[in-house]
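Visitor: One structure coming up, written as structure tokens, with questions to follow.
No value in this document is a laboratory result; all are computed from the given coordinates. This one's a predicted model, so the numbers in the text were calculated from it and none came from an experiment. Here the Cβ is made from the backbone with ideal geometry for all residues, glycine too, and neighbour counts use every protein chain on show.
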Amino acid sequence: MTSLRSAEWFDRDDELGLQNRAVLRVVGWDPDLARGKPIIGIANSWSELNNCNLGLRAIADAVKRGVIAAGGVPLEFNTISLGEELMKPSAMLYRNLMAMELEETLRAYPIDGVVLLCGCDKTTPAQLMGAASANLPAIQLNAGPKATGRWRGQEVGSGTSLWKYWDEYRAGRIGDEDWRALEAAYAGGAGTCNTMGTASTMAAISEALGMMLPGASSIEAHPLRGQAASRRIAVAEATGRQIVELVRRDIRPRQIMTRAAFENALRVHAAIGGSTNAVIHLIAIAGRLRMPLALDDFDALSRATPTLLNLQPSGDRLMPDFDAAGGLPALMNEIRDLLHLDALTVTGRSLGENIAGAANRDPNVIRPRAHPLQADGALAVLRGNLAPRGAILRTTTASPHLQQHRGPALVFEDYADLLARIDSPDLPVTPETVLVLRNAGAVGVPGLPEWGSIPIPKKLLAQGVRDVVRISDSRMSGTSYGTVVLHVAPESAVGGPLALVRDGDLIELDVPARSLNVLVDEDELARRRAVWRPPGSPHRRGYPRLYQQHVLQPDEGCDFDFLRPQSDEELAFVPPVVGRS
Ligand code: FES
């Protein structure tokens, strides 16, 4: 083992050594017992404000047992927790804050390696971004998907079922009593969404990147009954043992999260019908590593990878089915010829070794290559005069008849305008209308909330319409569906072309051609651009102000400009540990 970083704090003969060892005694470790052992931080995003991560408190205890068994000293610390459902205007606003907090905590304390306990959507990428920047040995472990509730005899898929039943409720097809009963079934229990939303997607991507133990991402959450809970406890103990091994071998995130690992993650994203949010997160993580990763990489690998996973919202099954079918190792084994099998992982072995022999136990869930859910991947990157720096759409959840569509725009100036008018009986909308929402991006709100899956207007619901083309500079929940174009860049609040669209302009979407255009001539757009003024912001201070001043656009991952290293020297810089506090 190389010399431990924590020795700078504890193995010294001066007054600081005494002071630091006294701290160890207070937190429960005799310095003589801890001497020479790696200090393993356990970064826990457990919080009672975040139902998805609630099981992580018990998981941390299991990780500690594993660390101690392997000869390490576990020290648990809390981080901020980003709960998608309660946090407003959007957990995405705080992803960069959580990443910064983790990076700085790892740097500032005597930590030799870290276990990253994540769960709800943004907690996973935030930890990977922070770990990439700090570059201490790290393993991630997620909370796991929650138990599945049943309503009217049907399994309830997180998010996906809610959006569907909400439309039915608004259309008058679900009564108040049933609507209230849905609430109890929807709760499920502690754990993340049981669909292929962003949490499931990012956990799978962490595993595909090599940052999580094989098979861990899909195991059901703790606390639960029986086999599933005990398997999550077991993988938590294994994670605790393995982080000590990673410190001993000095294997760090930058050796694992290589370009090959990112390409594996993009392939997996396509094959699982992953959340659109993952595109932003993967680019952000890569940016921390000075790794070139562009929207076009997603499109190219998505075109060349089949969608195999039959899971909501792309398919009809849920995460427990995926886990029972063999989870990510089985899925990756189906596409092993498309993967970089020699990529190093946190097991200390290659990806190919990790997935060798992983059996697909349910071909209805993990479709074999000969019978994919869709012949190509789930993601399309669109460009055109409406999105010069790109926009994205999940093809597996878009209506086939709308993927080549031309229709008149109906523009909502912002989210308040949308809420005020969307269900008006006078709304001038038809099934051909293209709904446009602007000023809903990273700078505009700020924080890029999940407003992009614009509700279908009541007027259309009453006609039996369940999907229309929707376009915004916003995001949508990974659990959502529909012909929804997202992340239009540059966003309207910084002068992107979405700001210039007017009611009645014809918009043309052509997914096979990967194009998105407003059919207005350039001279007219130039006239509109000349009189456009940026919307003001009420934020004069604090984190939202910092965010608006420094956030990058979605094609650059919405990280802060000052968090992406601009040179190899910046990437390699490690602040020294010196002197008194
Ligand atoms: Fe937390 Fe879906 S709301 S994982």
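Visitor: Conditions: (1) in contact (Cβ under 8 Å) with a residue 60 or more places away in the chain; (2) surrounded by fewer than 24 Cβ atoms within 10 Å (Cβ to Cβ); (3) not in a strand (DSSP E or B). Ala409 meets all but one. Number of the miss?
Guide: (3)
Visitor: Another question about this same structure. Can you say whether Met92 is closer than 30 Å to Ala442 by Cα, more than 16 Å from the ligand (Cβ to nearest atom), in contact with a Gly (Cβ under 8 Å, 6 or more places away or on another chain) and in contact (Cβ under 8 Å) with a residue 60 or more places away in the chain, as far as the supplied structure shows? Even if it seems obvious, please write down each step before you answer.
Guide: Working: closer than 30 Å to Ala442 by Cα: yes; more than 16 Å from the ligand (Cβ to nearest atom): no; in contact with a Gly (Cβ under 8 Å, 6 or more places away or on another chain): yes; in contact (Cβ under 8 Å) with a residue 60 or more places away in the chain: yes.
Here the answer is no, as Met92 does not meet what is asked.
Visitor: Also: Please work out which one of (1) more than 22 Å from Asp316 (Cα to Cα); (2) part of a helix (DSSP H, G or I) is the condition Leu141 fails and give its number.
Guide: Result: Leu141 fails condition (2) only.
Visitor: Any residue at all in region 218-229 that's crowded, with 21+ Cβ neighbours inside 10 Å, on the phi > 0 side of the Ramachandran plot and away from the ligand (no atom under 15 Å from the Cβ)?
Guide: No, region 218-229 contains no residue that is crowded, with 21+ Cβ neighbours inside 10 Å, on the phi > 0 side of the Ramachandran plot and away from the ligand (no atom under 15 Å from the Cβ).
Visitor: Looking at Gly496, is it more than 16 Å from the ligand (Cβ to nearest atom), touching a Lys or Arg at 6+ places or on another chain (Cβ under 7 Å) and more than 14 Å from Gly447 (Cα to Cα)?
Guide: Details: more than 16 Å from the ligand (Cβ to nearest atom): yes; touching a Lys or Arg at 6+ places or on another chain (Cβ under 7 Å): no; more than 14 Å from Gly447 (Cα to Cα): yes.
No.
Visitor: Within region 113-138, restricting attention to residues that are part of a loop (DSSP other than H, G, I, E, B) and within 25 Å of Gly452 (Cα to Cα), which residue is farthest from the ligand (Cβ to nearest atom)?
Guide: Restricting attention to region 113-138, the residues satisfying the condition of being part of a loop (DSSP other than H, G, I, E, B) are 119-122, 135-137.
Okay, now just the ones that are also within 25 Å of Gly452 (Cα to Cα), so 119-122.
On the way: Gly119: 7, Cys120: 3, Asp121: 5, Lys122: 9 Å.
Ranking the qualifying residues of region 113-138, first place goes to Lys122.
Visitor: (1) without any contact (Cβ under 8 Å) to a residue 60 or more places away in the chain; (2) within 16 Å of the ligand (Cβ to nearest atom); (3) within 20 Å of the chain's Cα centre (by Cα): which one isn't true of Val156, the others all being true?
Guide: (3)
Visitor: Being touching a residue at least 60 places away in the same chain (Cβ under 8 Å) and within 30 Å of Asp112 (Cβ to Cβ) narrows it down to one of Leu289, Leu301, Leu309, so name that one.
Guide: On the way: Leu301 fails: within 30 Å of Asp112 (Cβ to Cβ); Leu309 fails: within 30 Å of Asp112 (Cβ to Cβ).
Criteria check complete, one pass: Leu289.
Visitor: Moving on. Within region 506-526, identify whether any single residue is in contact (Cβ under 8 Å) with a residue 12 or more places away in the chain and closer than 19 Å to Ile280 by Cα, and answer yes or no.
Guide: yes
Visitor: Just one of Pro74, Pro110 is more than 16 Å from the ligand (Cβ to nearest atom), in a loop (DSSP other than H, G, I, E, B), touching a helix residue (DSSP H, G or I) at 6+ places or on another chain (Cβ under 6 Å) and over 25 Å from Gly188 (Cα atoms); which is it? Please lay out each step first, then the result.
Guide: On the way: Pro74 fails: in a loop (DSSP other than H, G, I, E, B).
Testing whether each residue is more than 16 Å from the ligand (Cβ to nearest atom), in a loop (DSSP other than H, G, I, E, B), touching a helix residue (DSSP H, G or I) at 6+ places or on another chain (Cβ under 6 Å) and over 25 Å from Gly188 (Cα atoms) leaves just Pro110.
Visitor: Where residues in region 348-383 are in a strand (DSSP E or B) and either touching a Pro at 6+ places or on another chain (Cβ under 9 Å) or among the hydroxyl-bearing types (Ser, Thr, Tyr) (or both), which of them is surrounded by the most Cβ atoms within 10 Å (Cβ to Cβ)?
Guide: Taking region 348-383 first, the residues in a strand (DSSP E or B) are 350, 366, 374, 379-383.
Imposing the further condition that a residue be either touching a Pro at 6+ places or on another chain (Cβ under 9 Å) or among the hydroxyl-bearing types (Ser, Thr, Tyr) (or both) reduces the set to 350, 374, 380.
Working: Ser350: 16, Gln374: 17, Ala380: 23.
Ranking the qualifying residues of region 348-383, first place goes to Ala380.
Visitor: Scan region 39-62 and give yes if some residue there is assigned to a loop (DSSP other than H, G, I, E, B), within 16 Å of the ligand (Cβ to nearest atom), without any contact (Cβ under 8 Å) to a residue 24 or more places away in the chain and not aliphatic (A, V, I, L, M), otherwise no. Steps first, answer last, please.
Guide: In the first step, residues of region 39-62 are kept if they are assigned to a loop (DSSP other than H, G, I, E, B); the result is 45-50, 54-55.
Subsequent filtering for residues that are within 16 Å of the ligand (Cβ to nearest atom) retains 45-50, 54-55.
Checking which are without any contact (Cβ under 8 Å) to a residue 24 or more places away in the chain leaves us with 48.
Narrowing further to those that are not aliphatic (A, V, I, L, M): 48.
So far as region 39-62 goes, yes, one or more of its residues are assigned to a loop (DSSP other than H, G, I, E, B), within 16 Å of the ligand (Cβ to nearest atom), without any contact (Cβ under 8 Å) to a residue 24 or more places away in the chain and not aliphatic (A, V, I, L, M).
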